Amino acid sequence: MNPFIQLGIRHDIVNAISELGFENPTPIQEQSIPVLLTGSNDFVGLAQTGTGKTAAFGLPLLELLDFEENYPQALVLCPTRELCLQITNDLKNYSKNVKNVHVVAVYGGASISDQLRQIKRGVQIVVATPGRMLDIINRKAIDFSQVKYVVLDEADEMLNMGFQEDIDNILSTTPDEKKTWLFSATMPAEVRRISKKYMDDPYELTMGTKNTGNANIEHEYYVVRARDKYAAFKRIVDFNPEIFGIVFCRTKIETQEIAEALIKDGYNADSLHGDLSQQQRDKVMKRYRERSLQLLIATDVAARGIDVNDVTHVINYSLPDEIENYTHRSGRTARAGKTGVSISIVNGKEIGKIRQIERVIGKKFVKAEIPTGFDVCEKQLFALVHKVHNVEVNEQQIEQYIPRIMDEFKDLSKEDVIKRFASLEFNRFLDYYKNAPDLNASFEDRPGREGAQGDRFNRTGMRSDFTRLFINLGSVDDFTRGDLLGYICNTTKIVGRTVGKIDVKGVYSFFEVANDDVNKVMEGFKGVDYNGREVRIEISGEGTSERRSGGSGYKGNRGGDRREGGFRSGGNREGGYRGNKGGGGFRDFSGKSREDRAERKRRY
Ligand code: AMP
């Protein structure tokens, strides 16, 4: 039997959500639907965005309301216009096979008369942002005296945005007997207070730990000098050719400046902030949603309620002033069970803030190194190789040219042809990055100050009771740091906490293990192969591939020009390597690659 039917959802609705691809309930749906369907509880659900919250409250609402009657029976309050439209749309989709369901979206920045007209025609569910809702109530254009259910979605965001008073006023027009369902990603004292104020012994459901971010998010930080921040940021982006990211800045001006600089440097980026008109914001969001925009540069306020799936990276170009906002920012990635990375680029003085965030989210950050120019070249080369390998060939169109192409290549072996194709782009990367400086600030996470107490570090900042090992697997095998950690622990049966810093490169990686575990790791990997390739572990140093990155000549040059220009623009303003001409290529490639990645993960 369909699991949603088992939860008590009727066939008509289950058919509709099946079409949306909902086969199994998400954890929050599984746990909240049975409770909410009773219709007899107030409810507090602590859950991140992207966990399936909308259906968690939306499906029970559709079961509980009487759609033969045309008066407002449910009110959903949410912080932003984006979210308001999203929820309305979702509810309409879930209920498309149910007769006479009327859902109205009420939000600012759009014609109020249209909304009033829709309300007048008869409505059972109103989804609203608080400001406009109150405006309509004050015009006496709606009667909430028979409302049975009020949903406060993203309650923490609504309070952050200063809607407390509006919410109070709106709720005072609803009957005392109604049930209130509150959802929030975090539980600051103010949310606790409103739950006490509006609810009677609510049923509480916590997905994950309170205030904790999603477990599928890896948190990383990079330490750079303030003047190198932009160059470091671009390196990180270049090192992640398939990035589909949201970049957070602190101010509107910074947001605008970074976006303009990126566009000038040939990146596929645009900005989203409060100085744009609603129309401009909608346009940017549409492009981002369609993935024809790869990097969205946003302020905290403008990015509220953004619910785009498959965001691979959140980048904190500037750390948020309020730590709570870090959870909201990072929650934009790793939605709907996916994984994601939240990156912070900080200077030495901001390390303390990273430690504070770690305490709040209850999770450790990994200190990562800004990739060297060589690392970027290698990564881009293999991204290109994957792209060539996976490109869809238009047999019909290309066929006519094949004889001529073959003729041109007839004096070259297959190997030569491949080398030349790869070099076409690789030479450009090498040329661009040949004098690229090391952008890592020489900060050491000293013992007794920020680091683990009592740890001893050697000159390079590595703990002297740890050994650095080389492994011939890396990001081209689709390993992230977290993947590699899991793989090492699974293969060797050592525990995660005895693994130190992990540095994932292109075709290889380095990781540190406690000196006592070195033999166990070496033994554990004996005879192991990965996708048909023998896995090789070596103690890093003389004779290992570390020399390739350390001594390649692509880093160093500290005295050089520190302002890296646009890697992608270079002399090639036609969109650079990643093609910033609408993102078709990007979309295809990233989709394919995610499948590959899932497939590889299944295999090991
Ligand atoms: P939400 O947290 O409600 O914004 O949902 C996040 C995303 O997950 C949306 O794109 C939903 O369409 C999707 N989603 C919600 N529930 C399910 C489910 N049971 N199965 C598959 N996808 C879902």
What do the square roots of 5 times the Cα gyration tensor eigenvalues come to for region 466-548, in whole Å, largest first, as semi-axes of the equivalent ellipsoid?
16, 15, 13
List the equivalent ellipsoid semi-axes of region 62-140 in whole Å, largest first, each obtained as the square root of 5λ for an eigenvalue λ of the Cα gyration tensor.
20, 14, 10
Exceeding 31 Å between C-alpha atoms, which entries from my cross-link table qualify? They are Lys264/Lys414; Lys264/Lys286; Lys96/Lys252; Lys229/Lys338.
Lys264/Lys414; Lys96/Lys252
Near the amide H of Ala128, under 5 Å away, which other amide H atoms are found, from residues 5 or more places off or on another chain, if H is placed in the peptide plane?
Val76, Leu77, Cys78, Val106
Using a/c under 1.5 as the rounded threshold, could you call region 16-69 rounded, prolate or oblate? The axes a ≥ b ≥ c are square roots of the C-alpha gyration tensor eigenvalues, and prolate needs a/b larger than b/c, oblate otherwise.
oblate
Cβ-derived FRET efficiency at R0 25 Å, Leu37 paired with Ala189, nearest 0.05
0.20
Taking every alpha carbon pair in region 137-190 and sorting the distances into 5 angstrom bins from 0 up to the bin holding the longest one, the percent per bin comes out as 4, 18, 26, 24, 18, 8, 2
Sequence of Met1, Met406 once ranked by neighbouring C-beta atoms within 10 Å, starting from the fewest
Met1, Met406
Based on alpha-carbon centroids, what's the gap between region 354-433 and region 490-531 in Å, whole number please?
27
Only counting other Cβ atoms within 10 Å, I'd like Leu469, Leu59 sorted with the fewest neighbours first.
Leu469, Leu59
Compute the normalised compactness of region 94-171: alpha-carbon radius of gyration over 2.2 N^0.38 Å, N being the residue count.
1.13
Just the Kirkwood number for region 3-206, please: inverse of mean 1/r across all distinct Cα pairs, in Å, one decimal.
16.9
Sites Arg227 and His389, calculated FRET efficiency, Cβ-Cβ separation with R0 30 Å, nearest 0.05
0.15
Order these by the 10 Å Cβ neighbour count, fewest first: Lys264, Lys99, Lys520.
Lys99, Lys264, Lys520
Could you quote the convex hull projected area for region 326-388, Cα atoms only and averaged over all directions, in nm²?
6.2
Gyration tensor (Cα only) of region 370-444 to equivalent ellipsoid, semi-axes in Å sorted down, yields 35, 14, 9
So for each of 370-381, 102-113 I average, over its residues, the number of other beta carbons within 10 Å; can you give me the resulting order with the highest mean first?
370-381, 102-113
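FYI, it's all coordinate maths here, none of it is from the lab. Bear in mind that the values here come from a model prediction, so they are computed numbers and not experimental data. Glycine also receives a Cβ, built like all others from the backbone with ideal geometry; neighbour counts cover every protein chain displayed.
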